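> If you scroll down you'll find the structure; I have some questions about it.
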Amino acid sequence: MKNQLSSSDEDDYPSSNMVHCWWRSASKFEDYCRLKLGLPDISSLTPRLRVLRELERLALLSDEGINELRYKLQMYKSGDFWVPTGGIKKEDMDIPPVITILLVGFSSSGKSSLVNLMYSVLGRTGLVPFAQTSSGSTKNFTTMYMEEHNIMRSMQSGFCVYDSRGFDYDKIGEALEELSSWMSDGVHHNQICSRSGDGNLLKNDEEFAALRSCSKFVTRRVNFAMVVVNIFEVYTALRAGDSEKLQATKQLFCSPALRKCNENPMLILTHGDLLTDEERIESRIKLCEHLGISESNGVYDIACLTEYGFLAEETDPVSAYAVGEAVYRALLISDRAHFPNHNLEDWAIFILSRLVSFLGILFAFLAQICTALGQHRNKFKY
């Protein structure tokens with residue numbers, strides 16, 4: 001989408017980013033320019049100006065910042081961002097060998113395209129697709145199981161990204177139940193994501209059945225979840241008077257299972273390039289307001305593909321930096337949310353508390369029986 005900038009604006013910003021800074025044609029952008037980036041009181045800004053401020057921050061950091069992010073993620077080891085608290089040593093913390101980031105969202109939200117963009121930006125793989133998208137000419141079973149991705153393509157990588165099967169908007173109850181099992185029991189590569197109505201497909205596909213019996217992959221605990229939303233789909237549904245997709249997105253984003261893992265899940269908006277500049281900003285503000293989160297904190301508007309269908313890497317430095325920062329932020333939050341290891345004293349207290357609780361329930365049950373017998377005896381006595 002082309003921008004409408006004055007000559008003075010063009011002198012202030014790098015020409016290489018002009019075509020990707022779509023928000024600079026927004027109606028309030030001139031007001032934002034007068035406020036400057038260093039405004040101390042951010043709370044005084046309107047939601048629209050906060051979004052513009054955040055988008056400008058990403059644009060100003062994208063040129064050189066992406067190289068710094070690549071280096072930090074290449075050198076990252078699980079627990080590197082952990083901060084000592086309460087006098088506990090790092091060796092006493094329950095830090096997994098690999099941090100697991102899970103992508104969740106509804107069908108056609110752009111999860112697989114986001115994974116491919118991560119490979120392209122961070123793994124430097126060019127245009128090779130590693131995650132099969134729903135639009136690709138692939139067999140049906142490729143979208144029905146978990147896929148673990150080492151996007152850094154390194155044996156020393158301290159994190160991995162899981163691509164999951166998309167949920168259905170009209171089956172949000174089933175989606176939340178499956179999500180809860182992922183967050184509590186963990187995930188592993190080639191884990192089946194079976195849904196109601198998949199019976200015939202599972203029986204007829206021998207290759208899929210073979211994957212179902214595979215259990216040699218390591219089960220990983222989910223440390224962070226990114227909720228991927230097709231903002232164009234939600235916006236067009238609202239324009240048509242259908243709020244089902246918005247409500248389903250809220251139920252997914254605010255689900256207890258996600259909140260238990262990380263208090264504030266990250267929101268990734270895709271397919272926004274199908275909207276006009278004003279619609280793109282307005283839909284972001286409305287969605288964040290409905291979800292009860294900030295419009296500019298932990299929300300990333302990422303164009304995974306260009307208008308020609310290529311991965312946006314060098315062609316869109318803003319999206320490249322945004323996806324790198326999203327991964328970096330996920331690792332930062334994950335490392336600061338680890339819990340201490342359980343020692344013998346902890347297990348002894350746990351077992352003792354369970355025993356006391358059992359005895360309490362037992363005596364309460366016996367008291368209830370004795371009370372019932374006493375009442376029965378008094379009834380016959382009189």
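> For residue 290, project a label point 7 Å along Cα to C-beta. Then give me every residue of segment 171-194 with its amide nitrogen under 16 Å of that point.
171-172
> Once amide H atoms are placed 1.01 Å from N in the peptide plane, what residues at a sequence separation of 5 or more from residue 159, or on another chain, have their amide H within under 5 Å of its amide H?
For residue 159, the qualifying residues are 99.
> Something else now. Which entries of 111/286; 77/111; 245/286; 72/216; 28/111 have Cα-Cα distances beyond 20 Å here?
Values: 111/286 22 Å; 77/111 24 Å; 245/286 13 Å; 72/216 31 Å; 28/111 31 Å.
Listed pairs above 20 Å: 111/286; 77/111; 72/216; 28/111.
> Let me ask something additional. Need the C-alpha centroid separation for segment 157-187 versus segment 245-280, integer Å.
Here the two parts' Cα centres lie 14 Å apart.
> In whole Hz, with x marking every Gly and Pro, tabulate ³J(HN,Hα) for segment 345-353 from phi via Karplus 6.51 cos²θ - 1.76 cosθ + 1.60, θ = phi - 60°.
5, 4, 5, 5, 5, 5, 5, 5, 5
> For a quick protection proxy, order the peptides 77-86, 98-107, 183-192 by their average other-Cβ count within 10 Å, most packed first.
On the way: 77-86: 13.0, 98-107: 22.9, 183-192: 17.5.
With the highest mean Cβ count within 10 Å placed first, the list reads 98-107, 183-192, 77-86.
> Continuing with the same structure: Quote to one decimal, in nm, the extra length available between residue 356 and residue 243 on full extension: 0.36 nm per residue of separation minus the C-alpha distance between them. Please report the intermediate quantities before stating the final value.
Details: separation 113, 0.36 × 113 = 40.68 nm, distance 4.90 nm.
My answer for the length gained is 35.8 nm.
> Please give the peptides 43-50, 159-166 ranked by average Cβ packing (other Cβ atoms within 10 Å per residue), highest first, as a rough proxy for protection. Intermediate values should be presented prior to the final figure.
On the way: 43-50: 15.6, 159-166: 22.4.
Output ranking for 43-50, 159-166: 159-166, 43-50.
Every number in this text was worked out from the coordinates using simple rules, so none of it is lab data. Model, not experiment: these values are computed from the prediction. Positions of Cβ are generated from backbone atoms using ideal geometry, with glycine treated the same way; all protein chains shown enter the neighbour counts.
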